[in-house]
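This report refers to the structure that appears directly beneath it.
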Amino acid sequence: MNIKKNINEFISAKGKKFDHRYDSFDFCYEYFQSNKTSIHNNDLTRLHLGFYLASWGMYRGSSFLLKKNVNVFESTIDFISRLEPEYWNIDIDNYSDENIERLIFIYKGLRDSLVEKNTNSHLTLITKIMMGVFGNVPAFDKYVIKGIKNINKGKGISVFNKNSLNIVSEFYNSNKQIFDSIDIKVRSIDNKITKFKYSKAKLVDMSLFIEGQKLEQQ
């Protein structure tokens, strides 16, 4: 996999008009990172999360979100707002056993706050939220999962657990020098460069996403 080429292709796809759906990640991530010590469960917070998820396909098809408005995120925002600072400082370059347990705690908390019980199709949705809010894991959608399967000798993932996180962690660590050399600044909704950078997990996400798209087209 040509990691830099994949990431450049992802960024290039956004174009120059600053209205591409990919930019919704920037807007959501910048908002939550700017307010992480004072997240309020208000219209603006719910709209940021909802529009980001809509941009990334979480409202299409048979998604239960199609039948809801932004107030469906009330419990989810409440959960996020109660998280201690250490839960906001996790990235793929510090996946210790303790931090992996924290990620699993976040995953379960988000799932239980949003997804109806006995519903199994939540892997993509919840990891999309974790990516857009915290930037701490790749979003496990179909393209990223295809990319993971390609780097993992044909073995894919279907659940969010320690093994899945270790697979992406090993991919990052095996290519640490490349990922650490990439510096992409997050832009605000008014197209200003912010102090925030794309997280390592976001870079891994982009590289796997483009790889998965290429594999899909073969």
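Values computed for the structure shown
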| quantity | calculated |
| --- | --- |
| Cβ charges +1 (Lys, Arg) and -1 (Asp, Glu), total dipole of region 1-85, debye | 360 |
| Most mobile of Ser121, Ser55, Ser75 in a GNM of the chain (Cα contacts under 10 Å) | Ser121 |
| Protection-proxy order for peptides 151-159, 19-27, each taking the mean of Cβ atoms within 10 Å per residue, highest first | 19-27, 151-159 |
| Stretchable slack from Lys176 to Glu84, in nm (0.36 nm times residue separation minus alpha-carbon distance) | 30.3 nm |
| Cβ-derived FRET efficiency at R0 41 Å, Val159 paired with Lys185, nearest 0.05 | 0.75 |
| Within region 88-156, GluC sites (Glu not before Pro) in DSSP loop having at most 15 other beta-carbon neighbours inside 10 Å | Glu116 |
| q = 0.10 Å⁻¹: log10 I(q)/I(0) that the Debye formula gives for the chain, counting C-alpha atoms only | -0.41 |
| Distance between modelled label sites at Ile193 and Lys214, nm, 7 Å Cα→Cβ extension | 2.8 |
| Chain lengthening between Met1 and Lys117 when straightened (0.36 nm per residue, less Cα-Cα) | 37.9 nm |
| Amide hydrogen neighbours beyond the local backbone of Phe196, cut-off 5 Å, H modeled | Val186 |
| Cα centroid of region 152-195 to Cα centroid of region 57-118, whole Å | 18 |
| Overall dimensions of region 170-218 as given by Cα atoms, namely Rg and Dmax in Å | 13.2, 39 |
| Under 11 Å, Cβ to Cβ, from Gly147 - net charge with Lys/Arg +1 and Asp/Glu -1 | 0 |
| Probe 1.4 Å, protein heavy atoms only - accessible area per residue of region 126-218 in square angstrom | 46 |
| Within straight-line cross-link reach of Lys4, aspartates and glutamates at Cα separation under 15 Å, skipping those fewer than 8 residues along the same chain | Asp180, Asp183, Asp205, Glu211 |
| Length gained when the stretch Ser96-Lys16 is fully extended (0.36 nm per residue, less Cα-Cα span) | 25.0 nm |
| Surrounding net charge for Phe64, when Lys and Arg each add one and Asp and Glu each subtract one, Cβ distance under 14 Å | +4 |
| Loop-located trypsin sites (Lys or Arg not before Pro) in region 50-123 whose Cβ has at most 10 other Cβ within 10 Å (DSSP) | Arg60, Arg82, Lys117 |
| Which of Phe140, Asn8, Phe64, positive extreme of dipole for the chain (C-beta unit charges) | Asn8 |
| Whole-percent carbon and sulfur share, accessible surface of the chain, 1.4 Å | 45 |
| Residue-count net charge about Ser55 - beta-carbon cut-off 9 Å; Lys, Arg +1, Asp, Glu -1 | 0 |
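The values are calculated or read from the model by the stated rules, or taken from the named source; none is laboratory data. Please read all numbers here as calculations on a predicted model, not as lab measurements. Note: ideal-geometry Cβ built from the backbone for every residue, glycine included; neighbour counts use all protein chains shown. Heads up: the accessible areas ignore ligands, DNA and RNA and are worked out on the full protein's heavy atoms, side chains in. Shrake-Rupley method; radii C 1.70, N 1.55, O 1.52, S 1.80 Å.
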